[in-house]
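Reviewing the structure listed below.
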Amino acid sequence: MQSTPTPDLDAWRNLTALQQPEWDDPAELAAVTAELSGQPPLVFAGECDQLKERLAAVTRGEAFVLQGGDCAETFDGSNADAVRNKIKTLLQMAVVLTYAGRVPVVKIGRMAGQFAKPRSKPTETRDGVTLPAYRGDMVNSVEFTPESRRNDPQRLLRAYFSAATTLNLTRAFTKGGYADLRQVHAWNQDFVSASPAGRRYELLAAEIDRALAFMRACGIEPEEFSEVDFFSSHEALLLDYERALTRIDARTGLPYDVSAHYLWIGERTRQLDGAHVEFLRHIRNPIGVKLGPTTTPDDALALIDKLNPEGEPGRLSFITRMGAGKVRDVLPDLVAKVTDSGAPIAWICDPMHGNTFEAPSGHKTRRLDDVVNEVAGFFEVHRELGTHPGGVHLEFTGDDVTECVGGGNEIAESDLHERYETACDPRLNRQQSLDLAFMVAEMYRG
């Protein structure tokens, strides 16, 4: 049931909100957000609480987060094949981490809402023509024309319905038998013969088959093997959209943002006196904050005081994005000071955003070796401090793109043009994602 907006939920409107598009028509925006406010929830408060309990286990060192998906979803990508391929990749990575890493895995997709992106500049200039920057399909279109680059409020509605489609497909795949552990070979049929990572995965799948056969022979057939719990997440960037999808939970009388189970504040919008922190501190979803290499321990402690003053386990995660060359220098003091404060934090490593560079061809890319190096540094820091490396946050796709260099099937910088399909940042392909999953599992086991 939707309640009358409260001053707390709208207090952010009086603060500076960075990275918001300039809409041409405020009246059109108001009409769209009013329509969104009357739409059904995309997720439910009870599901958000369930995820919070899983993340509380991460803060206790009892589980590991695998969070991943597109850097920027597109409306065209809200189809069965694209969603299935991303889920298949995430399921394969989770199986590797669970079986080889011997740890329960909390599965969170960057899906069903990751339609908006922060930008370095509000405009883009090509051949003397200046237009608004592409801010994701929720705002405008990637084509470089005045019509396509118009910041269109109607796209907020399209984002909602695309998210609903993606979530329906996700629930069908994860609850309807596709995610059954007995499908571990089926997830790999199109992949194993041509891929070193796929062949390595197939050996692991054979081990899982034998373990399942043994359990069945003993009369053990757990319900958990037939489906998985899969949670949605995105960066809470466009506050008009997030506010319109905030509801008061009938069970508790508390506000939840029902656009996703888990929301995070980006590195560019985590100002203590900013609108994003103000808005997210009032909703009861589990939330995260991206922390870059300029973050000080005082910054982190102040964010904890603002976003989780009651110290609720599972409420707050820190997603560190330091870069391979800085993680070992910056992270130790940060983790040590936060740990000394007693705050229950799930530490998650984003090894993607601090390791981006431009290839000679002009393509924005990342080296898999740099991604692995940052994850390794993350694990080393936590091991030295005796704290728990709680998870990884990745940008990947289930398709055979050529956007990041390296991997078992080596992609060189000269190969990037072959299938460079991202709408924004470069993503790991399926082969590279599985390569990384095996390496992370080995790091977790120490």
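Being of a type in the set (A, V, I, L, M) and touching a Ser or Thr at 6+ places or on another chain (Cβ under 7 Å) is a property that does not hold for residue 159.
What residue, among those in the range 358-375 that are touching a Gly at 6+ places or on another chain (Cβ under 6 Å) and buried (at least 17 other Cβ atoms within 10 Å of the Cβ), is farthest from residue 435 (Cα to Cα)?
Looking only at the range 358-375, we keep the residues that are touching a Gly at 6+ places or on another chain (Cβ under 6 Å), and these are 367-369.
Filter again for buried (at least 17 other Cβ atoms within 10 Å of the Cβ), leaving 367-368.
Values: 367: 13, 368: 9 Å.
So the residue we want is 367.
Residues that are touching a residue at least 40 places away in the same chain (Cβ under 8 Å), surrounded by 21 or more Cβ atoms within 10 Å (Cβ to Cβ) and more than 28 Å from residue 162 (Cβ to Cβ) do occur in the range 277-299, at least one of them.
Residue-wise test of (1) farther than 30 Å from residue 308 by Cβ; (2) touching a strand residue (DSSP E or B) at 6+ places or on another chain (Cβ under 7 Å); (3) modelled with pLDDT of 95 or more; (4) among the aromatic types (Phe, Trp, Tyr).
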site	(1), (2), (3), (4)
358	yes, yes, yes, no
370	yes, no, yes, no
375	no, yes, yes, no
384	no, no, yes, no
393	no, yes, yes, no
396	no, yes, yes, yes
403	yes, yes, yes, no
417	yes, no, yes, no
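The C-beta contact set for the range 331-346 (first residue over 16 Å from residue 383 (Cβ atoms), second residue among the polar types (S, T, N, Q) and open to solvent by 30 Å² or more (accessible area, probe 1.4 Å), distance under 7 angstrom, 6+ apart or interchain) comprises 344/59; 345/59; 346/59.
Would you check which residues across the range 202-254 are outside any helix (DSSP H, G or I) and open to solvent by 60 Å² or more (accessible area, probe 1.4 Å) and list them?
First, pick out the residues of the range 202-254 that are outside any helix (DSSP H, G or I): 218-222, 226-238, 245-254.
Once the filter is applied, which keeps residues that are outside any helix (DSSP H, G or I) and open to solvent by 60 Å² or more (accessible area, probe 1.4 Å), the range 202-254 yields 218, 219, 220, 221, 227, 250, 251, 252, 254.
Taking the criterion of being small (Gly, Ala, Ser) and either touching a Gly at 6+ places or on another chain (Cβ under 8 Å) or outside any loop (DSSP other than H, G, I, E, B) (or both), the residues of the range 275-325 that qualify are 275, 288, 292, 300, 302, 311, 317, 323, 324.
Do you know which residues across the range 333-351 are of a type outside the set (Ser, Thr, Tyr) and either surrounded by fewer than 17 Cβ atoms within 10 Å (Cβ to Cβ) or over 24 Å from residue 314 (Cβ atoms) (or both)? Full working, then the answer.
First, the residues of the range 333-351 that are of a type outside the set (Ser, Thr, Tyr): 333-338, 340, 342-351.
The answer is 333, 336, 337, 340, 342.
How many residues are open to solvent by 10 Å² or more (accessible area, probe 1.4 Å), of a type in the set (D, E, K, R) and more than 16 Å from residue 346 (Cβ to Cβ) when one looks only at the range 40-74? Here the count works out to 2. Output the residues belonging to the range 49-77 that are touching a strand residue (DSSP E or B) at 6+ places or on another chain (Cβ under 6 Å) and aromatic (Phe, Trp, Tyr). Of everything in the range 49-77, just one residue is touching a strand residue (DSSP E or B) at 6+ places or on another chain (Cβ under 6 Å) and aromatic (Phe, Trp, Tyr), namely 64.
I'm trying to understand the selection: among the residues of the range 192-241, which are farther than 30 Å from residue 28 by Cα and in contact with a Gly (Cβ under 6 Å, 6 or more places away or on another chain)?
In the first step, residues of the range 192-241 are kept if they are farther than 30 Å from residue 28 by Cα; the result is 192-231.
Of everything in the range 192-241, those that are farther than 30 Å from residue 28 by Cα and in contact with a Gly (Cβ under 6 Å, 6 or more places away or on another chain) turn out to be 192, 196, 197.
Out of everything in the range 138-168 that is of a type in the set (Ser, Thr, Tyr) and assigned to a loop (DSSP other than H, G, I, E, B), what residue ends up being surrounded by the fewest Cβ atoms within 10 Å (Cβ to Cβ)? Give the steps one after another, and end with the answer.
Step one: of the range 138-168, the residues of a type in the set (Ser, Thr, Tyr) are 141, 145, 148, 160, 162, 165-166.
Cutting the leftovers down to assigned to a loop (DSSP other than H, G, I, E, B) gives us 141, 145, 148.
On the way: 141: 18, 145: 10, 148: 14.
Here the residue is 145.
Please enumerate the residues belonging to the range 169-193 that are in a helix (DSSP H, G or I), over 26 Å from the mean Cα position of the chain (by Cα) and without any contact (Cβ under 8 Å) to a residue 40 or more places away in the chain.
At the first step, the residues of the range 169-193 found to be in a helix (DSSP H, G or I) are 169-175, 181-183, 186-188, 192-193.
Okay, now just the ones that are also over 26 Å from the mean Cα position of the chain (by Cα), so 182, 192-193.
Matches in the range 169-193: 192, 193.
Scanning the range 308-322 for residues that are over 19 Å from the mean Cα position of the chain (by Cα) and either buried (at least 16 other Cβ atoms within 10 Å of the Cβ) or over 15 Å from residue 340 (Cβ atoms) (or both) yields 308, 309, 310, 312, 313.
Can you spot a residue in the range 270-291 that is closer than 30 Å to residue 412 by Cα and more than 16 Å from the chain's Cα centre (by Cα)? No, because not a single residue in the range 270-291 is closer than 30 Å to residue 412 by Cα and more than 16 Å from the chain's Cα centre (by Cα).
Among the residues that make up the range 17-28, is at least one of them touching a residue at least 24 places away in the same chain (Cβ under 8 Å), open to solvent by less than 70 Å² (accessible area, probe 1.4 Å) and assigned to a helix (DSSP H, G or I)? Looking through the range 17-28, at least one residue is touching a residue at least 24 places away in the same chain (Cβ under 8 Å), open to solvent by less than 70 Å² (accessible area, probe 1.4 Å) and assigned to a helix (DSSP H, G or I). Within the range 36-78, take every residue that is part of a loop (DSSP other than H, G, I, E, B) and acidic (Asp, Glu) and give me the one that is farthest from residue 257 (Cα to Cα). Per the criteria, the residue is 62. Selection of the range 381-420 for residues being among the acidic types (Asp, Glu) and crowded, with 23+ Cβ neighbours inside 10 Å yields 395, 403.
The values are calculated or read from the model by the stated rules, or taken from the named source; none is laboratory data. Just so it is clear, the model here is predicted, and its values are computed rather than measured. Please note: Cβ atoms are built from the backbone with ideal geometry, for glycine as well, and neighbour counts cover all protein chains shown. Keep in mind that these areas ignore ligands, DNA and RNA; they rest on the heavy atoms of the full protein, side chains included. Shrake-Rupley method; radii C 1.70, N 1.55, O 1.52, S 1.80 Å.
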